Amino acid sequence: MLGWGFPPKIEGGLDIHVAHLFEELRKKDIDVDLALPEEYAPAMNDVTALETESEHILPQSREISSKVAELAKDYDIVHTHDWFGSEAGLKSKKYSGVKWVSTLHSLSSQRSRSTNEEGLKLERAAAEKSDTLITVSNKLAEEVKSEFNTSAQVIHNGFSSKKKKGRDMKEELGIENNMIFFVGRHAEQKGLEHLLYGFKKFLEEEDGVLVLGGEGHMSEALQDFAEILGIDEKVLFPGFIPEGDLGDYYSSADVFVSPSLNEPFGLTLTEALEHQTPVVAAESGAEEILPDNTIIKVEPDSSEISAGISEALDKEISSIEGRSWEEVAEETLEVYRDL
């Protein structure tokens with residue numbers, strides 16, 4: 001299997017998926033090894049660190065592809081994730097004669113307002129050239145069908161419950177009333193400008209503090225926007241939140257908000273729900289395996305987000321039956337067996 005990041009060094013939900021899947025497959029009657037770029041690879045059994053000279057993901061993925069194809073000669077299957085693994089999958093299939101499984105977690109056309117031509121080309125290769133294509137939701141499978149006219153098997157993500165240390169993040173952050181929480185990449189796809197404007201409208205009727213966890217290329221612009229809106233004293237940017245601290249953030253929050261313009265699954269939604277924190281969210285793939293009315297559903301629109309936060313403050317969340325990563329591994333193993 002080829003991944004990119006591994007906890008605690010992660011870029012997003014894809015890395016969480018790969019880590020859980022790898023750990024669960026290791027418990028099965030199967031020989032599985034994980035290849036990662038050297039800077040992200042933990043020192044553990046069955047993990048291969050791949051050296052690269054480049055600093056950027058596209059040239060790094062090209063360097064890695066030849067190394068993976070060479071490694072693949074000793075295996076039956078190579079399993080890649082998203083566009084960065086496509087060239088490695090193609091080369092492994094062509095030169096090492098292995099079967100290629102590709103899992104897509106999102107599409108480049110949905111992650112940014114501008115088209116990433118190279119990402120699109122590599123996604124098309126994964127969709128059209130892999131022996132089996134997997135997506136993490138029916139929502140994404142439909143988008144893949146529309147974009148590439150290719151069908152995919154759906155294997156939904158598992159639920160991840162973050163461990164708590166017992167810290168009161170509201171007290172530590174100096175929040176005396178409602179804590180509204182988001183965590184994730186600060187990128188166009190996440191719709192955070194709508195959340196900031198919606199939070200401004202919320203503050204016209206109620207009080208609270210918005211905690212925008214995570215970081216990304218839009219972080220500085222979002223801080224500027226909060227200042228322009230005159231709410232910068234009510235918005236906190238704690239930066240990257242280590243995985244070991246997330247449980248306390250979720251548990252301390254009164255509401256979790258995900259205003260994504262496109263959310264193929266949404267691991268953070270299920271993580272928040274696992275901590276019985278009410279969730280306000282735009283359409284997501286996670287809805288497909290959640291009980292009805294679990295999430296307060298909104299459009300990425302400031303007025304709807306404001307109203308959704310107010311509604312969520314009066315909503316109690318009972319425990320939900322999660323989906324285990326063992327189930328994800330078993331369904332993935334069936335794909336391997338079919339090949």
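The values are calculated or read from the model by the stated rules, or taken from the named source; none is laboratory data. Remember, it's a predicted structure, so these values are computed and weren't measured experimentally. Positions of Cβ are backbone-derived with ideal geometry, glycine not excepted, and every protein chain shown enters the neighbour counts.
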- Message: Checking the structure you have, find out if any residue of the stretch 22-30 is in a strand (DSSP E or B) and out of contact with any helix residue (DSSP H, G or I) (no Cβ under 8 Å at 6 or more places or on another chain).
- Response: no
- Message: Of the conditions (1) in contact with a Leu (Cβ under 8 Å, 6 or more places away or on another chain); (2) acidic (D, E); (3) at pLDDT 95 or above, E142 satisfies every one except a single condition; which number is it?
- Response: (1)
- For V144, are the conditions met, namely being under 20 Å from L21 (Cα atoms) and not aromatic (F, W, Y)? no
- Item | Criterion violated by F225 - all others in (1) modelled with pLDDT under 95; (2) over 30 Å from R62 (Cβ atoms) satisfied | (1)
- Could you tell me which residue of the stretch 327-339 is farthest from the chain's Cα centre (by Cα), considering only residues that are surrounded by 16 or more Cβ atoms within 10 Å (Cβ to Cβ) and not β-branched (V, I, T)? Y336
- Being over 14 Å from V280 (Cβ atoms), touching a residue at least 12 places away in the same chain (Cβ under 8 Å) and out of contact with any Ser or Thr (no Cβ under 8 Å at 6 or more places or on another chain) is the filter here, so list the residues in the stretch 172-195 that pass it. L173, I175, N177, R185, E193
- Message: Here is a check on your reading of the model: is V136 in contact with a helix residue (DSSP H, G or I) (Cβ under 9 Å, 6 or more places away or on another chain), within 18 Å of L339 (Cα to Cα) and hydrophobic (A, V, I, L, M, F, W, C)?
- Response: no
- Residues satisfying the stated conditions in the stretch 47-67, i.e. assigned to a loop (DSSP other than H, G, I, E, B) and exposed (fewer than 13 other Cβ atoms within 10 Å of the Cβ): E51, E53, E55, H56
- Task: Return yes when G184 is crowded, with 17+ Cβ neighbours inside 10 Å, at pLDDT below 95 and closer than 22 Å to I289 by Cα and no when it is not.
- Result: yes
- Kindly indicate whether L71 is touching a residue at least 24 places away in the same chain (Cβ under 8 Å), surrounded by fewer than 21 Cβ atoms within 10 Å (Cβ to Cβ) and outside the structural domain of S260 (by TED's automatic domain parsing). yes
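Matching residues to (1) β-branched (V, I, T); (2) crowded, with 23+ Cβ neighbours inside 10 Å; (3) touching a residue at least 12 places away in the same chain (Cβ under 8 Å):
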{"site": "F256", "(1), (2), (3)": "no, yes, yes"}
{"site": "Q276", "(1), (2), (3)": "no, no, yes"}
{"site": "N293", "(1), (2), (3)": "no, no, no"}
{"site": "I296", "(1), (2), (3)": "yes, no, yes"}
{"site": "D301", "(1), (2), (3)": "no, no, yes"}
